[in-house]
Amino acid sequence: MKKTSTFASACSAIAASALLLVAPLAHANWVRVFQNIHGTTYFMDPTSVEHHGSSRRVWEMESFRDATKEGLRSMKLLKEYDCKEETGRFRQYVAYTGPEATGEVMGTVGTPSPWKTVNTNPAGKSVFRIVCEDYKR
């Protein structure tokens with residue numbers, strides 16, 4: 001009996017974690033910020049921007065024109081930008097089978113990526129300019 005309740009508790013914790021990733025996006029106000037030559041469209045939710053000193057966090061979405069061979073078609077990402085250092089990274093993301101974060105959830109990643117300069121990614125640079133425009137150097 002104890003194993004069952006431990007398993008049920010673990011399942012509840014996993015479900016709660018998944019809801020935490022998706023819940024802040026239920027009322028997102030997606031704004032298109034960039035589209036590349038491959039048809040991938042990048043969006044951000046300006047209402048989700050959080051300020052932490054020189055750091056900014058914002059929800060973004062990438063929607064691919066075509067699905068990958070694994071079936072990935074879009075992602076919602078919690079991104080973090082350092083306005084002072086002009087770097088960015090993702091804090092977590094959710095992958096979907098449909099465009100614009102629709103369809104089935106393929107998986108989630110909650111491990112932050114390494115910091116990278118925003119100049120290496122045109123979409124990231126566009127969002128960086130928007131979320132860091134109020135930062136005083």
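The values are calculated or read from the model by the stated rules, or taken from the named source; none is laboratory data. Since the model is a prediction, treat every value here as computed from it, not as a measurement. So basically every Cβ, Gly included, is an ideal-geometry build from the backbone, and we count neighbours across all protein chains shown.
Answer yes or no: is there a residue in the range 93-108 that is touching a Pro at 6+ places or on another chain (Cβ under 9 Å) and surrounded by fewer than 16 Cβ atoms within 10 Å (Cβ to Cβ).
Within the range 93-108, not a single residue is touching a Pro at 6+ places or on another chain (Cβ under 9 Å) and surrounded by fewer than 16 Cβ atoms within 10 Å (Cβ to Cβ).
Is one or more of the residues making up the range 101-111 of a type in the set (A, V, I, L, M, F, W, C), touching a residue at least 40 places away in the same chain (Cβ under 8 Å) and more than 15 Å from E60 (Cα to Cα)?
yes
Residue by residue through the range 80-118, note down the ones that are touching a helix residue (DSSP H, G or I) at 6+ places or on another chain (Cβ under 6 Å), not in a strand (DSSP E or B) and not aliphatic (A, V, I, L, M).
Across the range 80-118, the qualifying residue is only E86.
Any residue that is touching a helix residue (DSSP H, G or I) at 6+ places or on another chain (Cβ under 7 Å), farther than 16 Å from V131 by Cβ and either surrounded by 13 or more Cβ atoms within 10 Å (Cβ to Cβ) or at pLDDT 95 or above (or both) - is there at least one of those in the range 45-61?
No, the conditions are met nowhere in the range 45-61.
L19 versus (1) surrounded by 15 or more Cβ atoms within 10 Å (Cβ to Cβ); (2) modelled with pLDDT under 95; (3) not acidic (D, E): which is the lone unmet condition?
Every listed condition holds for L19 apart from (1).
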